[in-house]
Amino acid sequence: MRSENEIFEMLVHELYEHLDEFKAIHHTPIYYNEILGDASFLLAGLLELLLKRNYIEWDKERWIDDSIITNVILENNLILLEGIMIWGKMGVTNQWTDPFLFEMEISTDEKSSGEFAFLFCDVNNPEITYEDFRDHPEYWRRKPDRAWRYLINFNKSLI
């Protein structure tokens with residue numbers, strides 16, 4: 001299993017590798033997963049490790065499968081990824097969804113990227129099954145005033 005630092009470095013590389021493709025888009029896709037390569041599952045893997053290390057309720061029985069990236073914003077020296085995490089519990093076939101937001105500083109050199117924030121789960125709206133999300137994707141529509149359950153701020157040098 002890879003460390004948080006290794007997954008973060010892979011994620012940074014993936015995002016930098018696809019930045020030009022993203023900038024060249026002239027339409028708004030429904031999801032950005034294909035455009036951003038492996039970023040969706042790298043985000044999921046990184047968040048799972050961070051949750052398990054920092055929150056007791058994210059024990060070995062919970063896992064994150066993947067993410068669906070619904071919005072990408074490049075602004076000044078930041079990249080902001082918004083979307084849905086798909087997660088589950090051992091011994092249960094259902095999967096659930098919760099919103100996430102990932103923000104990272106970007107620079108001209110991918111090696112100097114190191115600070116990021118992960119926000120996950122809406123305090124005021126409970127998780128819904130993946131099937132319910134598929135049928136009602138508007139449930140997790142962007143809310144600028146969302147109250148986040150998990151807030152993780154990191155500097156790569158501290159991992």
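Values quoted throughout were computed directly from the atomic coordinates according to the rules given, and no laboratory measurement underlies them. Please read these numbers as outputs of a predicted model, since none were measured by experiment. Backbone-built Cβ (ideal geometry, glycine too); neighbour counts: all protein chains shown.
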- [ ] Find which of Ile152, Tyr16, Ser67 sits farthest along the positive direction of the dipole of segment 4-158, computed with +1 on the beta-carbon of Lys and Arg, -1 on that of Asp and Glu, about the Cα centre.
- [x] Ile152
TODO: Quickly estimate the mean residue ellipticity at 222 nm for the chain, helices only: each DSSP H run with n ≥ 4 gives -39500 (n - 2.57), and the total goes over all residues, rounded to 500.
DONE: -8500 deg cm²/dmol
TODO: Would you mind working out the magnitude of the charge dipole of segment 4-158 relative to its Cα centre, with +1 at each Lys and Arg C-beta and -1 at each Asp and Glu C-beta, to the nearest 20 Debye?
DONE: 420
- [ ] First check a/c for segment 4-158, with a ≥ b ≥ c the square roots of the eigenvalues of its C-alpha gyration tensor; if it is under 1.5, answer rounded, and if not, answer prolate when a/b is larger than b/c or oblate otherwise.
- [x] oblate
Task: Lys pairs, segment 8-159 - Cα-Cα below 22 angstrom, 8 or more residues apart or on other chains - done: 6
